[in-house]
Structure formats: C-alpha cells, structure tokens
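**Q** Take a look at this one; I'll ask things after.
Derivation of every value follows stated rules applied to the coordinates shown; laboratory data play no part. Every value quoted in this text rests on a predicted model; they were computed, and no experiment measured them. So basically every Cβ, Gly included, is an ideal-geometry build from the backbone, and we count neighbours across all protein chains shown.
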Amino acid sequence: LFAGEIDFLKGVVAMDGLPPADRSEVCFAGRSNVGKSSLINALTGRKGLARASNTPGRTQEINYFTLGEERYLVDLPGYGYAKAPVPVVEKWQRLLKAYLSGRPSLRRVFVLIDARHGVKSVDTEIMTMLNKSAVTFQAVLTKADKIKDHERQAILDQVRTNLAKHPASFPEIVVTSSEKGEGIPILRSIIHGL
Ligand code: GTP
Ligand code: MG
C-alpha cells in the first residue's frame, strides 16, 4: 500500500450508493473507537486520509478508498456505543449489517478488537453474522501499545477461543499498533496478497 496509490473515493450512506462491485475490497469493522480509521491511516502512511478522533462514532458513512485500480479499502462506521443521536446510529447500524452480509466483492473483513478489552458481545454478534453469510474475516488486535507484554497471551487466547466458534474466521490474529507501527507491514502484505 503506497501512499500514492490510494485515494478517497466516496462516503456512502445507503446500499444503492455503493460503487459497482467490480473489484475486490477489504473493509475494517469493529466497535466505535477501536481504531479503524487510524489503522487505515497507518497502513497507507497518510495521517489525515481517514478521519480519526477520540469521539466514538466519528465515522458515520461507509468510506471508500481506491487502492490502485483493482481494489477498494473500506472504512466502516463502528458498532456499539457511539456519541450520536439514536436514530442516526440505528440508520448506520442497519446499513453496516446490510453491507457486511450482502457485498459480493468483499474479500475479507478485518474485525478489529481492542487489545485491552478483547472480544465483546457486539463483536460476537458481527462474527456470527459474517459466519452466516460466509464472509471470511480476520481478527486484528488494535492499540497493542496500550497493553503490557505479559498481558498479550491471555488476550490472544480469549480471541482465539472466540474465533474457533466461527468457521468463516481466518485463524491468524494480527497484533497492531497504529501509534507505534507494530503489525502494519504484516497487515499490508496480507492485503496485497488477497
Ligand atoms: P469510529 O469511527 O468512531 O468508529 O472510531 P474508529 O474505530 O475509526 O477509531 P479511530 O481510528 O478514530 O481512533 C479512536 C481513538 O483511538 C483515537 O483517539 C486514536 O488516536 C486512538 N488510537 C487508534 N489507534 C491507536 C493505537 O494503535 N494506539 C493508541 N495508543 N491509540 C490509538
Ligand atoms: Mg472511524
């Protein structure tokens, strides 16, 4: 993923606004504030590309980025608690679910999990839905800089136990820090290889 290859395409607020499913795409899903937008910025090396902030519910649209001519990267609104009006949140949650279960060109969903918190019930809900729709997903731990080395194993075990219940999951867990750059090259090469 080279900075020069990537461009913002559009923000989508309804299923009929999605671009044609004519190339493969990967998306970043996860609870509000887990670090989806920051991870896209870290992957692309462009700080302000996807808007990140400390306010849960920052990303409210399905944001499409073109990656070269052949792929899309997609930044999603978060699920779970968000600092936004209830009807607005409900609208984007419905869109999110429709997108995640009904996008034929979706190659892989990266399900982001905060390394401090592990898999929560809303994550399980999304994994169950992806599994039902047979969409391959992969767990990515975020904010690894915020946990101590000795805490890693327990959190990895918790995530692994949850993944084992979902055959659509990819077994390898990627540990990342957008802040420190950990795991970013690995994730880049995974995306390149898809
Ligand atoms: P929504 O769009 O609201 O769903 O959030 P998001 O998942 O896109 O999270 P975002 O990237 O906006 O980041 C949320 C907060 O977490 C910001 O304050 C980021 O600076 C912080 N953050 C993200 N990634 C990391 C990380 O790897 N390490 C640390 N320490 N903080 C991070
Ligand atoms: Mg965001």
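**Q** Sort 173, 6 so the one with the fewest other Cβ atoms within 10 Å of its own Cβ comes first.
**A** 173, 6
**Q** Using Cα pairs under 8 angstrom and six or more residues apart, how large is the relative contact order of the chain, in percent?
**A** 22 percent
**Q** Give the shape of the range 1-111 as rounded, prolate or oblate, defined through the alpha-carbon gyration tensor: a ≥ b ≥ c are the square roots of its eigenvalues, a/c under 1.5 means rounded, and otherwise the shape is prolate if a/b is larger than b/c and oblate if not.
**A** In terms of gyration-tensor shape, oblate.
**Q** Oh, and also: Within the chain, what's the longest run with no chymotrypsin sites (Phe, Trp or Tyr not before Pro) in a DSSP loop and at most 15 other beta-carbon atoms within 10 Å? Give the range, please.
**A** Between the exposed loop sites, the longest stretch runs 82-194.
**Q** Once you order the gyration tensor axes a ≥ b ≥ c over the Cα atoms, which shape class does the range 22-73 get: rounded for a/c under 1.5, otherwise prolate or oblate by comparing a/b with b/c?
**A** prolate
**Q** Take every DSSP beta bridge with both residues inside the range 3-193 and express the antiparallel ones as a percent of the total, to the nearest 5.
**A** Around 35 percent of the beta bridges assigned by DSSP in the range 3-193 are antiparallel ones.
**Q** Among 121, 24, which comes first, second and so on when ranked by fewest other beta-carbon atoms within 10 Å?
**A** If I rank by nearby Cβ atoms, fewest first, I get 121, 24.
**Q** Assuming R0 = 30 Å, can you tell me the calculated FRET efficiency for the pair residue 7 and residue 98, based on Cβ-Cβ distance, to the nearest 0.05?
**A** Efficiency, from the Cβ-Cβ distance: 0.75.
**Q** Let me ask something else about it. Between residue 172 and residue 194, how many nm apart are label points set 7 Å from Cα along the C-beta direction?
**A** Result: 1.3 nm between the two label points.
**Q** Let me ask another. Is the C-alpha gyration tensor of the range 98-194 telling us rounded, prolate or oblate? Criteria: a/c under 1.5 is rounded; beyond that, a/b larger than b/c is prolate, otherwise oblate.
**A** Oblate.
**Q** Which is the longest run of the chain containing none of the GluC sites (Glu not before Pro) found in DSSP loop states (not H, G, I, E, B) with at most 12 other C-beta atoms within 10 Å?
**A** The longest uninterrupted stretch comes out as 71-194.
**Q** I need two numbers for the range 3-193: Rg to one decimal and Dmax as a whole number, Cα atoms only, in Å.
**A** 15.3, 47
**Q** Per-residue ellipticity at 222 nm for the chain, helices alone: DSSP H runs ≥ 4 residues times -39500 (n - 2.57), over residue total, nearest 500 deg cm²/dmol?
**A** -9500 deg cm²/dmol
**Q** Sticking with this one: With labels modelled as points extended 7 Å from the Cα through the Cβ direction, what inter-label distance (nm, one decimal) is found for residue 107 paired with residue 125?
**A** Here the answer is 3.0 nm between the modelled labels.
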